[in-house]
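Participant: Below you will find the structure I want to go over with you.
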Amino acid sequence: MNSPFAWPGGKKHLKKRLLQMMPAHEAYVEVFSGSAKLLFAKEPSPWEILNDINSDVVNFFRVARHRAAELAERFEHEVIASQRFKALRSAADGASEIDQALRFIYLAWWSFGGKGEHFASLRISELRKAKHPVKRSLRLVRDLIHRTADRLVDVLIENRDFLECIDRYDSTDTLFYCDPPYTSFSKIARYGEMAEARHRDLVSRLRKIRGKFILSYDDSPLVRSLTDGLEIQEARVPYTIAAGEAKIGRELIISNFRLKSVA
């Protein structure tokens, strides 16, 4: 299934390739889950953990798992309008878990690139051809919330610093997938950023784990320096830079084991 919301660097174009590279494992951990595109696309593992430091992401996944019916019902009465988008975007923190989850998924669904910054009434091209596009869009969200709940029923959802998460779940049977903020990433408050020292901490810790890891990164001099000696494959991927505009970039897939050669 698809993940329930968009996220920068969400691995849409690398998803199939990354899944084919995964070795056998008992525990699967997404250290920087974001929209968790890989978890929603892969077959369930015996143990699965989603972790993210972003409390809005974690709250949405927890509400979707435990209170899916309540959250989906709220979208029965929603409207898709720029005024509603602006009101939710400027809403103060401190809302209930349900309100916070609704705000998060609304801003993700009805904004350009899922960034929650600028209103986009119908960001999914198929909906523009629908007979009742607004009703269809709201129904898609409700259905996706329920399917998200089904997929997450046995998944542990954590809100930890990445080093704490790695230390907590490291074992010889663990596969970590790490998709950190890229070193060249633009500063978008909704998604955060990482200082250079934290990138160094991440790679240093991954080099020492007992389990296996797959790490996705931008191809930058810093990343090349930090990951020297590890298994690396290059991948060309399209980046959306504005509505209807894209450019081809290069990303690195890095691991501490031999990666399969996948086209």
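Quick note: the coordinates plus some simple rules give every number you see, no bench work behind them. Predicted model, so just to flag it, every value in this text is computed and none were measured. All Cβ positions, even for glycine, are placed from backbone atoms using ideal geometry, and neighbour counts span all protein chains on display.
Participant: May I ask you to evaluate 6.51 cos²θ - 1.76 cosθ + 1.60, the Karplus curve with θ = phi - 60°, for each residue of region 78-92 and list the ³J(HN,Hα) values in order in whole Hz, giving x for glycine and proline?
Facilitator: 7, 10, 10, 7, 4, 5, 5, 4, 5, 5, 5, 5, 9, 5, 6
Participant: Work out, step by step, the length gained on full extension between Asp201 and Glu76: first 0.36 nm times the residue separation, then minus their alpha carbon distance; give nm to one decimal.
Facilitator: Gain on extension, Asp201 to Glu76, equals 40.5 nm.
Participant: Next question. With the Cα gyration tensor of the chain in hand, convert its eigenvalues to equivalent ellipsoid semi-axes via √(5λ) and list them largest first in whole Å.
Facilitator: Numbers: eigenvalues 198, 84, 61 Å².
Ellipsoid half-lengths, sorted descending, are 31, 21, 17 Å.
Participant: Once the piece of chain linking Val153 and Lys42 is laid out straight, how much longer is it, given 0.36 nm per residue of separation minus the C-alpha distance between them?
Facilitator: Details: separation 111, 0.36 × 111 = 39.96 nm, distance 1.48 nm.
Additional length available on full extension: 38.5 nm.
Participant: What does the helix-only formula give at 222 nm for the chain: each DSSP H stretch with n ≥ 4 adding -39500 (n - 2.57), the total divided by the residues, and the result rounded to the nearest 500 deg cm²/dmol?
Facilitator: -10500 deg cm²/dmol
Participant: Moving on. Kindly provide the pair-distance distribution of region 1-114 built from C-alpha pairs, with 5 Å bins from 0 and whole-percent values in order of increasing distance.
Facilitator: In order of increasing distance, the bins hold 2, 10, 19, 22, 19, 13, 8, 5, 2, 0 percent.
Participant: Something else about it: Taking the chain as the reference, fit the longest principal axis to its C-alpha atoms, fit the long axis of helix 133-151 to the helix C-alpha atoms, and give the angle between the two in degrees, 0 to 90, nearest 10.
Facilitator: Roughly 40 degrees, rounded to the nearest 10.
Participant: Right, next: Counting pairwise Cα distances across region 48-100, what percent come out greater than 13 angstrom? Intermediate results must be reported in sequence, preceding the final value.
Facilitator: Numbers: 921 of 1378 pairs.
For region 48-100, the share of Cα pairs beyond 13 Å comes to 67 percent.
Participant: Further question: What nm value, rounded to one decimal, do you get for the distance between Arg224 and Ser171 when each label is placed 7 Å out toward the C-beta?
Facilitator: Between Arg224 and Ser171, the label points sit 3.9 nm apart.
Participant: Just subtract the alpha-carbon distance of Ser261 and Glu193 from 0.36 nm times their residue separation and send over the number in nm, one decimal.
Facilitator: Working: separation 68, 0.36 × 68 = 24.48 nm, distance 3.08 nm.
Fully extending the segment from Ser261 to Glu193 adds 21.4 nm.
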